[in-house]
Each structure stands twice: as C-alpha cells, then as structure tokens.
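Engineer: Quick one: this structure, given as structure tokens, is what I'll be asking you about.
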C-alpha cells in the first residue's frame, strides 16, 4: 500500500470539504455551482487524473479505505469534466467488481452522470427538494430500485428519504433561476 499517495488523496478531499463547509456556512453554496468550489473540483480532478495515469484506479489495495474513499469523492465532484467523470465511473465499476472499491460508489457515480446527461438514475442516490419534501430525482424502473440498492449494500430508498426529510437541504432563493443556470452549465461543459 502507498501510504503517501493515500494521504495525498485524503488531503485533497479534506480541502474540498473545508471549502464546501465555508461556502455552506455563508449560504452561497446553495445558489448554484460556486466558482470557488468549481476551482477546487478542477484542481483535485487534475491531481486524480495524474494519479490514475501513473497507478490506475486508487482502490483499497493501493491507498487503503480512507484514500480510496477520498479518490471516489474527488471523482464524484469532477462534474465539470464529463469525459473524466465517465472514465472514473468505468474504473470504479472494474475496481468494485474486483473487490478494490465499494459497489455503492459506482452506483453514486453512475446516478450522478446519468442525471447530468438528462437520463433517469438507477439507484436513487440523488435527491432533490420536491413539493412534498425531499424526494429522489427521476428514477429508471422505480419499482425495482430497492432490489438494486440491496444488491450493493445500500438501505431502502424510503429510509434515506426519511433521514433526508429530517434535515432537508437549503432551498435556493430562486429555484427556477438555479435550474436554468444548471441546464446552461451542463450544455457548456459537455454533459448535453
């Protein structure tokens, strides 16, 4: 195991989480993709891209549990780089099949990518604020979502929704404006 590489990934992830916490504290995180957050995500993606080029996917065997989790979250946040995020999804699929990553990590990545592409998610990992509170974003084959979740070790979607409704995310000042900005952003960076 490469402890130094694992620490490097953990430090990058910690930086992401510190910036996120600061922007959440002042409320600006919830008004759209904050430029400061985007800068962190792009810088971290560049570091992860270099690591992957030199070592392959940084799974459990290379960087340990915490390092592998940090790599997954960095990849999950590389939303401004569709081709790289898709590459990470494919690498995560392989790593999870080989026992070198958690299968649920691939599910989160796959759902996020599908939603950015305008497709319904498969595993119900992506939630939104709806008319009745927190709800899953559009689902493919909704009646079988819990079976797919169970196969990956994820709890039933109803449990996740119940937990999320106890602590709902902040609602943007103007949801329609935020939605329009997100759509324009998705087109600009190449998701659509």
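Engineer: Which of the peptides 135-143, 170-178 is most tightly packed, and how do the rest follow, judged by the mean count of other Cβ atoms within 10 Å per residue?
Structural biologist: 135-143, 170-178
Engineer: I need to check one value: relative contact order of the chain, counting alpha carbon pairs closer than 8 Å and at least 6 residues apart, in percent.
Structural biologist: 18
Engineer: Please compute, over every Cα-Cα pair in the stretch 1-80, the percentage with a separation greater than 14 angstrom.
Structural biologist: Here the long-distance tail beyond 14 Å is 59 percent of all Cα pairs in the stretch 1-80.
Engineer: Could you tell me the center-to-center distance, by alpha carbons, between the stretch 97-160 and the stretch 1-75 in angstrom?
Structural biologist: First find each Cα centre; the distance between them is then 21 Å.
Engineer: For the stretch 58-93, list residues with backbone N below 13 Å from a point placed 7 Å from the Cα of residue 3 toward its Cβ?
Structural biologist: Inside the label zone: 64.
Engineer: When a/c reaches 1.5 or more, the comparison of a/b and b/c decides; with that in mind, is the stretch 113-184 rounded, prolate or oblate per its Cα gyration tensor?
Structural biologist: oblate
Engineer: Per-residue ellipticity at 222 nm for the chain, helices alone: DSSP H runs ≥ 4 residues times -39500 (n - 2.57), over residue total, nearest 500 deg cm²/dmol?
Structural biologist: Result for the chain: -21000 deg cm²/dmol, rounded to the nearest 500.
Engineer: What is the distance, in nm, between label points placed 7 Å from the Cα along the Cα-to-Cβ direction at residue 11 and at residue 129?
Structural biologist: About 3.7 nm, to one decimal.
No value in this document is a laboratory result; all are computed from the given coordinates. None of the values given here were measured: they were computed from a predicted structure. Counting neighbours? That spans all protein chains shown, and the Cβs are built from the backbone with ideal geometry, glycine included.
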